[in-house]
1. If R0 is 56 Å, what FRET efficiency do you get for Ile255 and Trp109 from their C-beta distance, rounded to 0.05?
2. Ranked highest first by average number of other Cβ atoms within 10 Å, how do 167-177, 62-72, 116-126, 297-307 line up?
3. If amide H atoms are built 1.01 Å from N in the plane of the peptide, which residues on other chains or at least 5 residues away come under 5 Å of the amide H of Val67?
4. On a full-extension model of 0.36 nm per residue, what is the gain between Arg233 and Glu37, subtracting their alpha-carbon distance, rounded to one decimal in nm?
5. Compute the whole-percent fraction of alpha carbon pairs in the stretch 1-124 spaced more than 26 Å apart.
6. Quote the FRET efficiency, to the nearest 0.05, computed for Phe276 versus Ser192 with a Förster distance R0 of 41 Å and r equal to the Cβ-Cβ distance.
7. Apply the Karplus curve 6.51 cos²θ - 1.76 cosθ + 1.60, θ = phi - 60°, to the phi angles in the stretch 14-23 and return the couplings in whole Hz, x for Gly and Pro.
8. Which residues' amide hydrogens lie under 5 Å from the amide hydrogen of Arg7, considering only partners 5 or more residues apart or on another chain, with H built in the peptide plane?
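Just so you know, all these numbers are worked out from the coordinates, no wet-lab data involved. Note that the coordinates shown come from a computational prediction; the quantities given were computed from them, not determined experimentally. Positions of Cβ are generated from backbone atoms using ideal geometry, with glycine treated the same way; all protein chains shown enter the neighbour counts.
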Amino acid sequence: MPMERQRISFVIPCYASEGSVALVIQEIRDVIAQRPEYEYEVVAVNDCSPDGVLGVLVAEAERDRQVKVLDLAKNGGRHCALMAGFHASTGDYVVCIDDDCQCPMDRFWDLLAPLERGEADVAIARYPHKKQSGIKNLGSMVNDMGANWLLGKPKDLRFSNFSVMTRVICDEVMRYTNPYPYISGLMFRSSSRVVNVEMEERVRTIGEGHYTLRKSMDLLVNALTSFSVKPLRLATSLGFLCAAIGFVYGVLTIIHKLMRPMVLVGYSSIMSVLLFLGGMIMIILGIIGEYIGRIYLCINNTPQYVVRRSYNVDCDRQDAPTEVF
C-alpha cells in the first residue's frame, strides 16, 4: 500500500505586493516540483491591501486549486494575517514566507532539513546581512534584545520572516486566540527545539518595504505585554529604587541641615526630584495601563482577524462565506 505523501503549507501574508506575489507562488511550485514525494498548498492572505493583490490571488486560485485565498475585512498586520493562514492550512509542515520575493525560496529544502531529520520542531532562516535600511535594522535589533530578555531566547538565535514549523507546533500556536499575536514568541514558547539555518536574504527588486520602525516598536510592545510579566516586575523594582533614593536623599538633607543650619533648601533640587518621581510614576502607570487595556480587549473577545471571503478553502463555519472554483 503506497505511503500517503506529506503536505507542505506555505502561508503568505499579502500587502501592497501586486507585482510580486504571483512570482512567489510560481517559485513555490518550481521548488516543490523538485521533490515529488511532497504535496503542497499555498494559503495567501490579503491583509486588506490597497492595490490589486486580491485580483492577482483570485486569478491564481482559479487556475490552481492548491492556492487558497483569504480576504480579510480589516488590516490587522502581518502576524494576524499569518494566524488566519494557519487556521486554513492543512500541511504536515507550515511555512511562513513573505510576498516580496526577498525570502530565498531556492534554499527551502535546507530550511526544512532539520525538521525532516527530527532534529527540530521549528527552523528559521538567519540572515547575516539583512538587506534593509538602518532604521529597520535598529528596530530588528531592539526586538531581538527584547526577545532575549522576555522569552529567554538564546542570544545566537535570530528570528526572521522565513520559517517552517511542524503541524504540532502550528496547532499549538493556533490555540492563542487573543488579539496582538506575536508569531515568533508563540513558536518559541511552544518548543525549545528551534534552530537557525544560515542563508542570504535577497535584495528587494519589486515594490518597497512597509515594515517601519513604528511597526517594529509595536511588535516589541506585543512581546512585552503578551508573553511576560517582567515589565511589571521592572516597574516594581524602579519604584523601590526611587523610594530608596528618596530616603537616602532625605537623610543626607537632614544631616546637611544639622551640620550647616544656614543652608537654604534649593528650589532647583526640589523640582528635579519632583519631575523625576513624576516621570517614573507616569511610566509605571503606563505599563500597568497597557496590561489592563489588553486584558479588556481579551475579555471583549476582540478578534485577531475577520475573513470577508475565502477561495478554495474548506470551511466548517456556516457564517464564513466561501467561494470554491
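1. 0.20
2. 62-72, 116-126, 167-177, 297-307
3. Those qualifying (amide H under 5 Å, at least 5 residues apart or on another chain) are Val42.
4. Result for the pair: 65.5 nm of gain on full extension.
5. 18 percent
6. Taking R0 as 41 Å, the efficiency between Phe276 and Ser192 is 0.50.
7. Calculated HN-Hα couplings, in order: 10, 8, 6, 10, 4, x, 10, 5, 5, 5 Hz.
8. Amide H neighbours of Arg7, under 5 Å, 5+ apart: Glu39, Asp92, Tyr93.
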